[in-house]
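Notes follow once the structure below has been shown.
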Amino acid sequence: MTSLQFILLIVVAAIAGMGSVLDECQFHRPLVACTLVGLVLGDVTTGIILGGTLEMLALGWMNVGAAMAPDAALASVISAILVIVGHQSIGAGIALAVPLAAAGQVLTIFVRTITVFFQHLADKFAAKGNGFGIEMCHLGGLLLQALRVAVPAAAVAAVAGTDTVSAMLDSIPEVITRGLQVSGGFIVVVGYAMVINMMNAKSLMPYFFLGFLVAVFTNVNLIGFGAIGLICAYFHIKGLQRDIAAQNAGPAAGGSTGNALDDIDDSDLM
Amino acid sequence: MATTLNKKDLINIFIRSNFLLGSFNFERMQAIGFCVSLLPALRKLYKGEELAASMKRHLEFFNTQPFLATPIMGITAAMEEKKANGVDISEATLSGVKVGLMGPLAGVGDPIFWGTLRPVLAALGAGIALTGSIAGPLIFFLVFNAIRLATNWYGVMYGYEKGTELVSEMDGNKMRFLTEGSSVLGLLVMGALVAKWTTVNMPLVLSEYTNSQGEHVVTTLQTILDSLMPGIVPLLMTFACMYLLKKGVNPLLIILGLFAIGILGYWIGLFA
């Protein structure tokens, strides 16, 4: 690894760390982070394939409310470094990603607790009307998140190519790496389950089964499913409108409320 | 001091809105981020004691879906502008609007962005990425960010323009339609993904014989499952995961469990 690559690697790791808290640009997602690490280390194809594999693993990892998901940033960056520099299999990358995601989760919880200090500092700046101070508190929290991925990444990058690390990774038996690759085919069900649970809509589950059945027995692609989904959503909302109109109308008022509701412009709802 | 906000201030708020979660902490969550996003407006509208008071009130607890925080920023900016120009808006009203909106907006934003848009785009991108094509990460990154930036932009602009009018528009049925509509779309696609974007191959041979035409016929566990209901194994796995998650089992533990099943299955020849 050249020193330029080393520096760029730390930059990518820092961006992924910031992305993991911001959750805006998605630089922390394996699909993006692994690709960037691959790009920096000169093996973009391996980065993309590892990114796709780990993205399946991490599909349901999301921060909803105050809940913390396993950390995709640390897992993606460090397993990509080890796989590419240490010439390991994708299976080894999967094996490394899970404990790394757990470690990253602990680190980000730690940082988010430390940032409470910046919150109180910001209160003091606010009392003085010092906006710049508040901005610096904001930046401070963000930089801590960058460091929590960049520092471990730098440490791993420094030792990744060495014989000791390679020997350690090579000592993982084949039945484990092959078995992990097999699991890689269906590990994504955890992500699907998390997403379905988050929607928390038991009454809408028939739509899930419809999607499943159409996928099993036809060759409709994902764009097609999007279109079918939009049509289903349209009819579902129509049904809801009718139900609400019936409720509002009650036994006495009759159909006039229903007409008023029909005037709602449906294009707003989609 | 009668001042009004112009387009430049709103663009400034939009840019800052992209860093809302930067200083997320467990005490007041997105509070600093919200205050920093509004600072361009506050600095223009207030001076001295009033400025300090406005900063303080926007360092209150705040947490919602980050992209849908932007209409709240727009509305709050419009209300602060009115307040600075002498309209009687109390601090309680301001914080009431913020608190009143962040719950419903998170309720709409989470299923749309985290439940539907990101997993669908990520699954699409990951599927392409497995072939080694750069198109996979590019599609995910570009499409997601285009939609996100549009949401943030129109959130700030529309929120400011409509101001408190939007608050009354937001409660009631429209939000429910939006949430349920996107959940319908998301669940349908999830159902399709369970079947299409999982690979379970069970080559365990159950019977093997040569038929009367002299053809060698091998029946594996997989051929039997495929003739009954393809995709049944990932479907059952999904339900098992949903059950375990509802019981409060850590998702990483479930992933480790599935890895153990994969390794064990590969070892005894159940999976390949």
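See the values below:
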read-out	value
Odd one out for A:G51, checked against (1) of a type in the set (G, A, S); (2) in contact (Cβ under 8 Å) with a residue 60 or more places away in the chain; (3) within 9 Å of chain B (Cβ to nearest Cβ); (4) part of a helix (DSSP H, G or I)	(2)
Failed item, numbered, when A:G226 is tested on (1) under 14 Å from B:T116 (Cα atoms); (2) of a type in the set (G, A, S); (3) surrounded by 23 or more Cβ atoms within 10 Å (Cβ to Cβ)	(3)
Residue that is modelled with pLDDT of 95 or more, aliphatic (A, V, I, L, M), assigned to a helix (DSSP H, G or I) and more than 15 Å from the chain's Cα centre (by Cα), where the choices are A:A80, A:A16, A:A92	A:A80
Helices (runs of 4 or more DSSP H) enclosed by the range B:153-272 - at least 1 residues per element that are at the interface with chain A (Cβ under 8 Å from one of its Cβ atoms) and either among the small types (G, A, S) or surrounded by 14 or more Cβ atoms within 10 Å (Cβ to Cβ) (or both)	B:173-196, B:232-246, B:251-268
Residue within the range B:39-47 that is in contact with a Phe, Trp or Tyr (Cβ under 6 Å, 6 or more places away or on another chain), more than 7 Å from chain A (Cβ to nearest Cβ) and part of a helix (DSSP H, G or I) present	no
Qualifying residue in the range B:36-57 (condition: within 29 Å of the chain's Cα centre (by Cα), on the phi > 0 side of the Ramachandran plot and not polar (S, T, N, Q))	no
Unmet criterion (only one of (1) away from chain B (no Cβ under 11 Å); (2) of a type in the set (A, V, I, L, M); (3) within 29 Å of B:S37 (Cα to Cα)) for A:V85	(3)
Selection status of B:L117, assigned to a helix (DSSP H, G or I), of a type in the set (A, V, I, L, M, F, W, C) and either in contact (Cβ under 8 Å) with a residue 24 or more places away in the chain or more than 7 Å from chain A (Cβ to nearest Cβ) (or both)	yes
Residues (part of a helix (DSSP H, G or I) and more than 8 Å from chain B (Cβ to nearest Cβ)) located in the range A:126-138	A:F132, A:G133, A:M136
Helices (runs of 4 or more DSSP H) completely within the range A:139-248 that count 2 or more residues being among the β-branched types (V, I, T) and either in contact with a strand residue (DSSP E or B) (Cβ under 7 Å, 6 or more places away or on another chain) or outside the structural domain of A:L22 (by TED's automatic domain parsing) (or both)	A:205-217
Unique residue being free of Cβ contacts under 8 Å to residues at least 24 places away in the same chain, more than 21 Å from A:F225 (Cα to Cα), part of a helix (DSSP H, G or I) and over 14 Å from the mean Cα position of the chain (by Cα) when the list is B:G96, B:G103	B:G96
Condition check for B:V108: more than 7 Å from every other protein chain (Cβ to nearest Cβ), closer than 20 Å to B:M29 by Cα, surrounded by 18 or more Cβ atoms within 10 Å (Cβ to Cβ) and among the β-branched types (V, I, T)	yes
Residue check, B:A77 touching a strand residue (DSSP E or B) at 6+ places or on another chain (Cβ under 9 Å) and part of a helix (DSSP H, G or I)	no
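The values are calculated or read from the model by the stated rules, or taken from the named source; none is laboratory data. On a predicted model such as this, the values are computed, not experimentally measured, just so you know. We place every Cβ from the backbone using ideal geometry, glycine too, and count neighbours over all the protein chains shown.
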